[in-house]
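Trainee: The structure follows.
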Amino acid sequence: MTAVLYVPRDSAARSVGADAVAQAIADEAAARGADVKIVRNGSRGMFWLEPLVEVETAAGRVAYGPVAAEDVPSLFDAGLLAGDGHHALALGLTEEIPFLKHQERLTFARVGVIDPLDLASLSAWGGLDGLKAALEMDGAAICAAIAESGLRGRGGAGFPAGIKWKTVHDQPTGQKYICCNADEGDSGTFADRMIMEGDPFTLIEGMAIAGLAVGAEDGYIYIRSEYPDAIATMRAAAELMEQAGWLGADIGGSGKTFRLHVRRGAGAYICGEESSMLESLEGKRGTVRAKPPIPAIHGLFGKPTVVNNVLTLATVPVILAKGADYYKGFGMGRSRGTKPFQLAGNIRHGGLVEKAFGVTLRQLIEEFGGGTASGRPFRAAQVGGPLGAYVDAAMLDLETDYENFAGNDAMLGHGGIVVFDDSVDMAAMARFAFEFCEIESCGKCTPCRIGAVRGKETVEKIQRGENVDANLELVADLCETMRDGSLCAMGGLTPMPVLSAMRLFPEDFNTTPLMAAE
Amino acid sequence: MIEAENAPPPAGAVAEATAICARHGNDPAALLEILHDLQEETGFVPEATLPAIASALNLSRAEVHGVVSFYHDYRRAPAGPVVVKLCRAEACQSMGALALIETVCAARGIKLGGTSEDGVTIEPVYCLGNCALAPAAMVNGRLVGRADAARLDTAVREARS
Ligand SMILES: Cc1cc2nc3c(=O)[nH]c(=O)nc-3n(C[C@H](O)[C@H](O)[C@H](O)COP(=O)(O)O)c2cc1C
Ligand code: SF4
Ligand code: FES
């Protein structure tokens, strides 16, 4: 009998040796005359266990990890192919691993489970059910279902997807576009990458549904160039979907058209901002456009355009397949459904946790994440990317909900959580926030372009102990100017990490005593 | 350390650029893709190709120059045969990325952004989406997780062979 094994092809798993492990398993099996089939799946998102090897058994998939190529002979000796759990690396049934078991995976239901490019087996896993349902509905009904589900943009601002879609739907017919924002530039985020590498079909399906909903026949996916594996996987998946008739001139035999174009970014954080992304897709410098008009009315090439994040679009199929009420049943307050959180940085169990809104930071960092990787005390976490606020230990019981975070001077953003232990210097992190803005500003407005440079210099003075009080005040002033005078959230939100660091960790900003003039 | 600003174009680069534009239907919206393709072929975006690209896409030279200079990816001069990108964003910093960058640059006797005598270019990058396996690096397009000096040396050796 053929033994079926899974070794991820996710680039993070490969970054710690998954290719060598897959090769070692193939070699060892050949040497022993064993009949094996190795499936290269996406990642389950338990990165401290990567490379995670799974074996199919009658009881379910059994996991081993983290596996190194050198471990393979001993794993075979210990009955790997039968999923015999007698090895130091054996983890039991994959689905029973607490990190995975306590999640609520809707968007990520198939990531790490399936071969991301095996279209033939997709329907067995519920693939394309959402698109098939959408093909039976008219555009207005699809928009209404998305609105009813409560789905809000997962890329940062949390704007209701249904309202955005309806705006585009209500524009006069003609050329319209669906643009998927796969720029994912935030530190601490990798969920978009995992979807694209682990279940690209669900994203394409979501984009096609969006096209049907608003009357757009062309979709663009803008993927950052730092993600070569995701780009290759998305291109391959689009090709397979087209061959199977799920993309192109007659999707699913419906007579409806949806074409997908994969485009690369070129290393500019600001191109994640939607209007800057549109400029970039038009082949221009990625400078931010003034609003209004909003992209829903005047978007790509001046046409009505839906711009949504990868996770937003990848969540659409499950909503259509299982119904708006099913999705709405998860979450709290006005934050409905589930949110893929990403645990990163100095954390023992880093990875992807998809959970209904409302889960606390403490549950995420301590229960799922297992605390710091260094074993030293937790000191701070930055939530929501480089423009997100720092939180301290006293804020860990915050429930994850858009409004709740906003009310506490913080933001959820794309759901990245970057953990720091007590060795972090928060003045250095505040300085870095300004430096990052300096490097990545599109340069269009003065508060952001110049403010970031001045801010960095001023924090450096504080770090050196020069006129600390006056300079702290200057930073606060500068932050106010950036917040109020910037055209977009790059300059407008850089004050978030800076001010939160100053507010919560004042001791790091005046450790050096004031020096008298020398 | 090899200094490299606006290096002279390799022979045939201008013809190459024109051909790449044609392959993209001389579509100005494809400019980023065109520049990526050119850089893959030529190793950088030679200044001398800009007029040809501008004319093929019906853009001004200033517009093309504006795009090339806006994006961090495009090079004005060739990099070494091995490019090591080291992440210095927050998650990687929390795991000691800045110290790692210093160590790696010092070992090769260069500053961040430079190219060593043995042809290794070391550049900063801001997040590679491998933040749960920080510090992260990328060596000629391949991710390296939990990077340290030894793992990076191995990756550089593999990239050379
Ligand atoms: C500086 C900046 C960077 C951004 N980067 C991203 C990004 O990488 N991915 C993303 O989806 N949205 C990003 N956004 C938010 C987008 O502008 C936009 O709100 C989002 O793509 C809309 O999709 P959603 O409603 O599905 O979230 C960024 C915004 C700003 C101001
Ligand atoms: S705030 Fe910064 S990034 Fe945003 S438009 Fe102004 S200069 Fe550009
Ligand atoms: S912060 Fe370094 S890989 Fe994301």
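Trainee: From A:190, A:201, grab the single residue that is within 13 Å of ligand 1 (Cβ to nearest atom), touching a helix residue (DSSP H, G or I) at 6+ places or on another chain (Cβ under 8 Å), among the aromatic types (Phe, Trp, Tyr) and open to solvent by less than 10 Å² (accessible area, probe 1.4 Å). Steps first, please.
Mentor: Details: A:201 fails: within 13 Å of ligand 1 (Cβ to nearest atom).
Residue meeting the stated conditions: A:190.
Trainee: Within the stretch B:132-143, identify whether any single residue is open to solvent by 30 Å² or more (accessible area, probe 1.4 Å), farther than 20 Å from residue A:440 by Cα, modelled with pLDDT of 95 or more and in a strand (DSSP E or B), and answer yes or no.
Mentor: yes
Trainee: Residue B:154: within 12 Å of another protein chain (Cβ to nearest Cβ), out of contact with any helix residue (DSSP H, G or I) (no Cβ under 8 Å at 6 or more places or on another chain), away from ligand 3 (no atom under 16 Å from the Cβ) and of a type in the set (Ser, Thr, Tyr), yes or no?
Mentor: On the way: within 12 Å of another protein chain (Cβ to nearest Cβ): yes; out of contact with any helix residue (DSSP H, G or I) (no Cβ under 8 Å at 6 or more places or on another chain): yes; away from ligand 3 (no atom under 16 Å from the Cβ): yes; of a type in the set (Ser, Thr, Tyr): yes.
Against the criterion (within 12 Å of another protein chain (Cβ to nearest Cβ), out of contact with any helix residue (DSSP H, G or I) (no Cβ under 8 Å at 6 or more places or on another chain), away from ligand 3 (no atom under 16 Å from the Cβ) and of a type in the set (Ser, Thr, Tyr)), residue B:154 qualifies.
Trainee: Restricted to the stretch B:65-101, and to residues that are surrounded by fewer than 17 Cβ atoms within 10 Å (Cβ to Cβ) and touching a residue at least 60 places away in the same chain (Cβ under 8 Å), which residue is farthest from ligand 3 (Cβ to nearest atom)?
Mentor: B:76
Trainee: Looking only at the stretch A:340-358, decide whether some residue is of a type in the set (Asp, Glu) and either out of contact with any Pro (no Cβ under 8 Å at 6 or more places or on another chain) or within 16 Å of ligand 2 (Cβ to nearest atom) (or both).
Mentor: Checked the stretch A:340-358: no residue is of a type in the set (Asp, Glu) and either out of contact with any Pro (no Cβ under 8 Å at 6 or more places or on another chain) or within 16 Å of ligand 2 (Cβ to nearest atom) (or both).
Trainee: If a residue counts only when it is farther than 30 Å from residue A:347 by Cβ and not small (Gly, Ala, Ser), which helices (runs of 4 or more DSSP H) contained entirely in the stretch B:14-117 have at least 3 such residues?
Mentor: On the way: elements: B:31-42, B:50-57, B:61-70, B:90-93, B:97-108.
Those helices (runs of 4 or more DSSP H) span B:31-42, B:50-57, B:61-70.
Trainee: OK, next. With surrounded by 21 or more Cβ atoms within 10 Å (Cβ to Cβ) and in contact (Cβ under 8 Å) with a residue 40 or more places away in the chain as the only criterion, which of A:274, A:217 stands out? So that I can check it myself, show each step before the final result.
Mentor: Values: A:217 fails: surrounded by 21 or more Cβ atoms within 10 Å (Cβ to Cβ).
Criteria check complete, one pass: A:274.
Trainee: Moving to a separate point now. Can you work out which of the residues in the stretch A:426-444 that are of a type in the set (D, E, K, R) and facing chain B (nearest Cβ under 10 Å) is nearest to residue A:474 (Cα to Cα)? Break it down stepwise before answering.
Mentor: Going through the stretch A:426-444, the residues of a type in the set (D, E, K, R) turn out to be A:431, A:435, A:438, A:440, A:444.
Still in the running and facing chain B (nearest Cβ under 10 Å): A:435, A:440.
Values: A:435: 17, A:440: 22 Å.
Taking the candidates together, the pick is A:435.
Trainee: Still on this structure: Based on this model, can you work out whether residue A:455 counts as within 16 Å of ligand 3 (Cβ to nearest atom) and either open to solvent by 60 Å² or more (accessible area, probe 1.4 Å) or among the small types (Gly, Ala, Ser) (or both)?
Mentor: Details: within 16 Å of ligand 3 (Cβ to nearest atom): no; either open to solvent by 60 Å² or more (accessible area, probe 1.4 Å) or among the small types (Gly, Ala, Ser) (or both): yes.
It is false that residue A:455 is within 16 Å of ligand 3 (Cβ to nearest atom) and either open to solvent by 60 Å² or more (accessible area, probe 1.4 Å) or among the small types (Gly, Ala, Ser) (or both).
Trainee: Against the definition (under 17 Å from residue A:192 (Cβ atoms), open to solvent by less than 40 Å² (accessible area, probe 1.4 Å) and within 12 Å of ligand 1 (Cβ to nearest atom)), how does residue A:315 come out, yes or no? Spell out the reasoning first.
Mentor: Numbers: under 17 Å from residue A:192 (Cβ atoms): yes; open to solvent by less than 40 Å² (accessible area, probe 1.4 Å): yes; within 12 Å of ligand 1 (Cβ to nearest atom): yes.
In short, yes.
Trainee: OK, next. Test of understanding: among A:267, A:248, which residue is in contact with a strand residue (DSSP E or B) (Cβ under 9 Å, 6 or more places away or on another chain) and within 14 Å of chain B (Cβ to nearest Cβ)? Write out each step before concluding.
Mentor: Details: A:248 fails: within 14 Å of chain B (Cβ to nearest Cβ).
Sole residue among the options that is in contact with a strand residue (DSSP E or B) (Cβ under 9 Å, 6 or more places away or on another chain) and within 14 Å of chain B (Cβ to nearest Cβ): A:267.
Trainee: Still on this structure, I have one more. Would you mind finding the one in A:279, A:273 that is of a type outside the set (Gly, Ala, Ser) and within 11 Å of ligand 1 (Cβ to nearest atom)?
Mentor: Working: A:279 fails: within 11 Å of ligand 1 (Cβ to nearest atom).
A:273 is the lone residue from the list that is of a type outside the set (Gly, Ala, Ser) and within 11 Å of ligand 1 (Cβ to nearest atom).
Trainee: All but one of (1) open to solvent by 30 Å² or more (accessible area, probe 1.4 Å); (2) within 14 Å of chain B (Cβ to nearest Cβ); (3) not in a loop (DSSP other than H, G, I, E, B) hold for residue A:92; state the number of the condition that does not hold.
Mentor: Going through (1) open to solvent by 30 Å² or more (accessible area, probe 1.4 Å); (2) within 14 Å of chain B (Cβ to nearest Cβ); (3) not in a loop (DSSP other than H, G, I, E, B) one by one, residue A:92 breaks only (2).
Trainee: What helices (runs of 4 or more DSSP H) lie completely within the stretch A:436-507 and have 3 or more residues being away from ligand 2 (no atom under 14 Å from the Cβ) and in contact (Cβ under 8 Å) with a residue 24 or more places away in the chain?
Mentor: Working: elements: A:446-464, A:468-485, A:489-493, A:495-504.
Helices (runs of 4 or more DSSP H) meeting the threshold: A:446-464, A:468-485, A:495-504.
Trainee: Conditions: (1) surrounded by fewer than 24 Cβ atoms within 10 Å (Cβ to Cβ); (2) among the charged types (D, E, K, R); (3) within 12 Å of another protein chain (Cβ to nearest Cβ). Residue A:170 meets all but one. Number of the miss?
Mentor: (3)
Trainee: Of everything in the stretch A:256-270, what is away from ligand 1 (no atom under 15 Å from the Cβ) and either part of a loop (DSSP other than H, G, I, E, B) or open to solvent by 10 Å² or more (accessible area, probe 1.4 Å) (or both)? Give them in sequence order.
Mentor: A:256, A:257, A:259, A:260, A:261, A:262
Yes/no per residue for (1) under 22 Å from residue A:11 (Cβ atoms); (2) not aromatic (Phe, Trp, Tyr):
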residue	(1), (2)
A:112	yes, yes
A:120	no, yes
A:126	no, yes
A:142	no, yes
A:148	no, yes
A:151	no, yes
A:159	no, no
A:163	no, yes
A:166	no, yes
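Trainee: Let me confirm something: among B:62, B:106, B:15, which residue is among the small types (Gly, Ala, Ser), open to solvent by 30 Å² or more (accessible area, probe 1.4 Å) and within 12 Å of chain A (Cβ to nearest Cβ)? Give the derivation first.
Mentor: On the way: B:106 fails: within 12 Å of chain A (Cβ to nearest Cβ); B:15 fails: within 12 Å of chain A (Cβ to nearest Cβ).
Sole residue among the options that is among the small types (Gly, Ala, Ser), open to solvent by 30 Å² or more (accessible area, probe 1.4 Å) and within 12 Å of chain A (Cβ to nearest Cβ): B:62.
Trainee: Is it fair to say residue A:253 is in contact with a Gly (Cβ under 8 Å, 6 or more places away or on another chain), surrounded by fewer than 21 Cβ atoms within 10 Å (Cβ to Cβ) and away from chain B (no Cβ under 11 Å)? Spell out how you get there, then give the answer.
Mentor: Working: in contact with a Gly (Cβ under 8 Å, 6 or more places away or on another chain): yes; surrounded by fewer than 21 Cβ atoms within 10 Å (Cβ to Cβ): yes; away from chain B (no Cβ under 11 Å): yes.
So residue A:253 fits the description; yes.
Trainee: For the stretch A:103-149, how many residues meet the condition of being at pLDDT 95 or above, more than 15 Å from residue A:194 (Cβ to Cβ), under 23 Å from the mean Cα position of the chain (by Cα) and crowded, with 20+ Cβ neighbours inside 10 Å?
Mentor: 5
Trainee: Which of the residues spanning the stretch A:278-308 are within 24 Å of residue A:267 (Cβ to Cβ) and of a type in the set (Lys, Arg)?
Mentor: Start the filter on the stretch A:278-308 by keeping residues that are within 24 Å of residue A:267 (Cβ to Cβ), which leaves A:278-289, A:295, A:299-301, A:305, A:307-308.
Of everything in the stretch A:278-308, those that are within 24 Å of residue A:267 (Cβ to Cβ) and of a type in the set (Lys, Arg) turn out to be A:284, A:285, A:289.
Trainee: Please specify each residue of the stretch B:18-59 satisfying the condition of being polar (S, T, N, Q) and open to solvent by less than 10 Å² (accessible area, probe 1.4 Å).
Mentor: Here is the first cut: in the stretch B:18-59, the residues polar (S, T, N, Q) are B:18, B:26, B:39, B:42, B:49, B:55, B:58.
Within the stretch B:18-59, B:49 is the sole residue that qualifies.
The values are calculated or read from the model by the stated rules, or taken from the named source; none is laboratory data. Everything numeric in this text was worked out from a predicted model, so none of it was measured. Counting neighbours? That spans all protein chains shown, and the Cβs are built from the backbone with ideal geometry, glycine included. We work out accessible area using only protein heavy atoms, side chains counted, and drop any ligands, DNA or RNA first. Shrake-Rupley method; radii C 1.70, N 1.55, O 1.52, S 1.80 Å.
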